[in-house]
Each structure stands twice: as structure tokens, then as C-alpha cells.
Amino acid sequence: MTTFIDMHLLQTVPSSNINRDDTGSPKSAVFGGVRRARVSSQAWKRATRRDFATYLDESERGIRTRRIMVDLVERIQRLDGSLTPDEALTLGKAVMTAASRITFEKPKRGKKNDETADTADAELSQYLIFISNQQLDRLAALALTGRDGTTIDKAAAKNALKDGNGIEVALFGRMVADDVAYNVDASVQVAHAISTHAVETEYDYFTAVDDAKPDDEDAGAGMIGWLEFNSSTLYRYATINLDQLAENLGDVETTGRAVEAFLRSFVVSMPTGKQNTFANSTLPEAALVQVRTRRPVNLVGAFEEPVTTKPDESISVQSAARLAQKAQEIDDAYGNTPTAAYLLAVGSRVADALAGTGEALGLDALVAQVGRDAVAALQESV
């Protein structure tokens, strides 16, 4: 029976534009018949990955890039400093050719520094590839076996690129269009965050003063402009397929650490759009973590009817009460009660609204407990 770890977060964000569309407007969505603030899943997954640097060893992380060859050449030269960039590039291309059907190409004309690009910079994969640092290290080491003209072992090269996904690739998955053998099924799903209430976009008209402008000149601004923003209490949701994560990593203890890393980073991370303008770096008011079997459950239906402002309660408290009610209703109707549930709540009013939904814990204790539950569930399934 598959185990899922559901994460339900409520987070209030002040005036901000943390995730823009192609026109510069804050992203939004219609839900329950009204316009909501929205932050894309891609934005929060990237913020989560960037936060991993705080907790994970570099060997367990990965990189998503078209510049794989640049990184590979650097690693080859670190292993053998006598190699020139051109020699290292030749070895890098040889090991990648042995490993896969991924093709590399020179940047299209008109790109910056196209004529003077470094040798490795001129070799880009045709699309973004997500690869772990472990895989890059093994490919670099294998590339050196071809220094004397020896043909690189194809089976070894394929294994170097296929095994050792690392925590990031194991969590978020990988698709390689040229060679499906290297695809990795994602073990994490992240929903687009939406506001629990209706939202209207607002506009900030601003001016900037030219500091070097003499005082006796006209009082006109050196620059004028405007930007869009909103504020909201967001419902954020993500789920981990624990069994898929364990399959991707191949080790129970590493899987437990991956669960802890994702949970912590998903809770505390924040996309960086317009941070310098709005300084909107808040933390969630509440995080409810539910361990389930059979299937994950998104509780966004709690907010199909938008939360409205009441004089005696904040939107975040009302949202917390709605979340608790929906969780109980789902359990009562379907009998799919979580096998474990834990709650992080900021302030007594939010905690009271969510009372009974899970064992109250601080962040460190919550992360550690969920990690232990994950390891225990995997050990029981063996």
C-alpha cells in the first residue's frame, strides 16, 4: 500500500508580486467563481530547490541546465589538471555520446559572445537536462578512461547517467525526450498556490529622483513608472509519494532525509520575484502534515466559497477554521483518515482554529517526526 505525505500550508503575503505573468501582472486564477491570487507550482518548486543548499550536501543536489558540458568539462579538468579545455571537451562529448542519445549544439547566431564563447560554452544540449552532481562526477571520472584513445564503455556510461539520481532528481523527476531510459518519475506533486479569498490587482505609480540633478533645475522626476501587486492569504499544497521516492533513491535512510529536506524547504522557502521592491518574506501561519495511504488528498475545496473579511477575525484565522472543517468532512465521508497528522501553528488563534487536526509541534520536531514516520513506513513495507 502506497504511503503519501500531504502538506497543507496557509501563508499570508503582504503587498507583493512574487510570480508574474508575461505582462508583469501577478499571476491569478478563477476558482469558486472569483479571481484569486496565484503562485505557480514551478515558482515554489524552484524556491524549494534553492533552499536545499542550506540542508543538503552538494553531492545530493542536482542542476537543471543546457550547459551540462560546461560543468562536465570543469569536473574533468579538476580530476586531471593537465588537460586543456579542448581536450576535456573532447572527452566530455565522448562520454555523453557513449551514455545517451542527448545531442549538443552550438548557440544560434546572435547570442551574446557567440563568436568568442569558450569551447565548452559553445556546446549546449538542445533542451534543459536535470542531472545530479553524483551523475556528473561519475561521468567525469569515466571520461578520463578515454584519455589514451580507449573507447569508453557504453554500459558503464549509461549506468553513470542512470543511477545515483540524488535527492533533487528523485523528488522532482526528469524527462529526457531523446532517451526515455533516463526518465525519472517525480515523487513530489506541488499545486499552484491560490488565495483563500477573492483578490483584486492594485497599481503602484512611482517616481524616482535624479540624485545628481541641481536643486535649481525643475522639480520633475528623473523617472516615472507603475507596477502591479496584490496581497493574499495563500493555500499551498504538496504531496510526496513515499514509495516512488524510495524507488528513485534506492535507500530507506536517504529517503527519510529527502522527506525531511523537502518538508522543511517547502515550508520556509519563498519565491524571490520583486522581493527588493516589496520585502514580502513571510512564513506560513500554519502547516498541517498528514500521512495517508491509498491516495493523497488536496483540501483546496475548503476555499471554493471565498473567505470574506469579518470584523472580529482575520482572514488567516477564518482560513484555518475552513481547512480544519474540510479535513474533518473528508475523513468522515470517505473514511480515509490519516495514519498520522502533525500541526505547526503560529499564534493561539490559528492553533485553536486547527485544534484536533494533528499533534502540535515546532518546525524542527515536525520535520524530524515526519522523517521517522517515513522510514518506519518503508521498513514495514519491506
Q) Among the residues of the stretch 347-361, is any surrounded by fewer than 13 Cβ atoms within 10 Å (Cβ to Cβ), under 13 Å from Val289 (Cβ atoms) and under 28 Å from the mean Cα position of the chain (by Cα)? A) yes
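Please enumerate the residues belonging to the stretch 299-315 that are open to solvent by 20 Å² or more (accessible area, probe 1.4 Å) and within 14 Å of Leu10 (Cβ to Cβ).
To start, the set of residues in the stretch 299-315 that are open to solvent by 20 Å² or more (accessible area, probe 1.4 Å) comprises 300-301, 304-306, 308-315.
Residues satisfying the conditions are Val300, Glu313, Ser314, Ile315.
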Q: Return the residue satisfying two criteria in turn: it lies in the stretch 157-204 and is part of a loop (DSSP other than H, G, I, E, B) and of a type in the set (Asp, Glu), and of such residues it is most open to solvent (accessible area, probe 1.4 Å).
A: Glu200
(Q) Looking at Val317, Val267, can you tell me which residue is under 16 Å from Asp6 (Cβ atoms) and assigned to a helix (DSSP H, G or I)? (A) Val267
Q | Residue that is touching a His at 6+ places or on another chain (Cβ under 7 Å), assigned to a strand (DSSP E or B), open to solvent by 20 Å² or more (accessible area, probe 1.4 Å) and on the phi < 0 side of the Ramachandran plot, where the choices are Arg64, Arg38 | A | Arg38
(Q) Return the residues of the stretch 3-50 that are basic (Lys, Arg) and closer than 22 Å to Leu245 by Cβ; say none if nothing qualifies. (A) Lys45, Arg46, Arg49, Arg50
Q. Under the condition of being under 19 Å from Ser231 (Cα atoms) and over 22 Å from the mean Cα position of the chain (by Cα), which residue from the stretch 1-32 is modelled with the lowest pLDDT?
A. Thr23
Q.
Please go through the stretch 362-375 and give me each residue that is of a type outside the set (D, E, K, R), part of a helix (DSSP H, G or I) and open to solvent by 40 Å² or more (accessible area, probe 1.4 Å), ordered by number.
A. Leu363, Ala365, Gln369
Q) Which residues, counting only those in the stretch 334-361, are among the polar types (S, T, N, Q) and in a loop (DSSP other than H, G, I, E, B)? A) Asn336, Thr337, Thr339, Thr357
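The values are calculated or read from the model by the stated rules, or taken from the named source; none is laboratory data. If you're wondering where the values come from, they're calculated on a predicted model, not measured in any experiment. Cβ: placed from backbone, ideal geometry, glycine included. Neighbour counts: every protein chain shown. Just so you know, the surface numbers come from the protein's heavy atoms only, side chains and all, with ligands and any DNA or RNA stripped out. Shrake-Rupley method; radii C 1.70, N 1.55, O 1.52, S 1.80 Å.
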